[in-house]
1. Given the structure, is Phe209 surrounded by 13 or more Cβ atoms within 10 Å (Cβ to Cβ), over 30 Å from Lys43 (Cβ atoms), within 22 Å of the chain's Cα centre (by Cα) and at pLDDT 85 or above?
2. Right, Glu176: touching a helix residue (DSSP H, G or I) at 6+ places or on another chain (Cβ under 7 Å) and not β-branched (Val, Ile, Thr) or not?
3. Given (1) at pLDDT 70 or above; (2) under 23 Å from the mean Cα position of the chain (by Cα); (3) not in a strand (DSSP E or B), where does Gly20 come up short, assuming only one miss?
4. What single numbered condition from (1) surrounded by 13 or more Cβ atoms within 10 Å (Cβ to Cβ); (2) modelled with pLDDT of 85 or more fails to hold for Ile8?
5. May I ask you to list the residues in the stretch 183-194 that are more than 12 Å from Lys233 (Cα to Cα), surrounded by 14 or more Cβ atoms within 10 Å (Cβ to Cβ) and free of Cβ contacts under 8 Å to residues at least 60 places away in the same chain?
6. Restricting to the stretch 153-198, count the residues that are more than 22 Å from Thr220 (Cβ to Cβ) and at pLDDT 90 or above.
7. Of the residues that make up the stretch 192-204, is at least one among the aromatic types (Phe, Trp, Tyr) and assigned to a strand (DSSP E or B)?
Amino acid sequence: MTHRGILILFFCLIKSAFAGQSLNCTLNIAADKKSLPISEISKNVASFSYDADKEVGKNIELAPYKLILWKKAPHLNLKFIGGDFKKPITIQFDLKQKNIRFQYGASLNFFCLQGEQTEAQKATQISPKKPIDQFQEKVLFEVTEGLTFIYNQPEESQMMRTLFFQSGKTYINSHELEQRLPWCSLRVQLKRNEDTLVNKGEEFSPLSFQKQENNTYFTTFSYSFVDFANGKKAGEKNLYNPFMLTCNVLRGMPYQLDVFESIVGRFLKVKANL
């Protein structure tokens, strides 16, 4: 394979087949910079996992690049679009390769470890006993189980719809909640007059964070996905816009990962987005 100005490095440790295992990958478009300010990391580094047996493909966007991964036996295919590539370039790797690396010039570096987390992925993990609010809006919420927002909800107006979480279960009406137990809510704006599914794997990155202690029973932690002042929306989808995620934790109870998981159960996951 030839491509002007391209340096491709392949590291192959053929110890086990790719099929049936997940790849943990990192795309870095500032690899020539030894260090980056925290505010710049999320703009230049994207970490993700890809399971070829369970996922048809994966699209990763890190401006000005777009990366597409998909499996077509006996190969794992990568396609890079944009950035330094005037024309899209496709690279193939043997499915038996344990580790994968692709490098272009000095700045673009992509690598995957099979069955192991990359250092960038480890950095995004939040310790179970570490306060989530210390990250403020620098977190990423992932939907880990499909969520259905019912269109016909008596408590809602216009196109806003809310799903409530408590003790690992979901509810569509606030009056179904135990009033003295912690709870969270995810509010979205629908685009059609119909029930809307938020698919597993979708991610939301907040634009702002706020902590409020104006309730005698709860401390409220709110994440907004809309910046009204600047007219910005984060995570806009074809059928809905994420609006706000709020968690109400008992006063004096730490807002940490194990508490968050006890409220949202299998439906949501939070990680640092540095």
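1. No; evaluated as a whole, the condition is false for this residue.
2. Judged against the criteria, Glu176 is not a match.
3. That leaves (1) as the condition not met.
4. Status for Ile8: all satisfied but (2).
5. Arg187, Leu190, Lys191
6. Total meeting the criteria: 10.
7. Yes, some residue in the stretch 192-204 is among the aromatic types (Phe, Trp, Tyr) and assigned to a strand (DSSP E or B).
Residues checked against (1) touching an Asp or Glu at 6+ places or on another chain (Cβ under 8 Å); (2) surrounded by 14 or more Cβ atoms within 10 Å (Cβ to Cβ); (3) in contact (Cβ under 8 Å) with a residue 24 or more places away in the chain:
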residue	(1), (2), (3)
Glu203	yes, yes, yes
Asn215	no, no, yes
Asp227	no, no, no
Tyr240	no, yes, yes
Phe243	no, yes, yes
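The values are calculated or read from the model by the stated rules, or taken from the named source; none is laboratory data. As the structure is a computational prediction, the values presented were derived from the model and not from experiment. Every residue, glycine as well, gets a Cβ built from its backbone with ideal geometry; the counts of neighbours run over all protein chains shown.
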